[in-house]
Amino acid sequence: MWAEDPYRDRDLVALYDLDNPAGADHDFYRALAGEVNARTIIDLGCGTGLLTRTLATTGRTVLASTFVIAPTTHPGCPVCA
């Protein structure tokens, strides 16, 4: 068990996103959401929310969930607030 919750460590979150960058899969899901004019999206297993934040556009509701001990937040991110 971790002495402290690693999901509250902003440096670890940043490293995770660097190691797992957006790629063709993100392009695919953003394009699909646009093609079907998705107004509501559920992102299960969202991790740090890298894809989630790009799916959350004006007029669209995104519900994201992942298994974490504590929520991960990104400063200034309206999705994480």
Per principal axis, descending, Cα span of region 6-65 in whole Å: 36, 22, 18
Sequence-distant residues sharing a close amide H with Ala64 (under 5 Å, placed H): Asp43
Computed label-point distance, nm, for sites Thr54 and Asp17 using a 7 Å Cα→Cβ extension: 1.2
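Readers should treat all values here as calculations from the given coordinates under stated rules, not as data from a laboratory. Since the model is a prediction, treat every value here as computed from it, not as a measurement. Cβ atoms come from the backbone with ideal geometry, glycine included; neighbour counts cover every protein chain shown.
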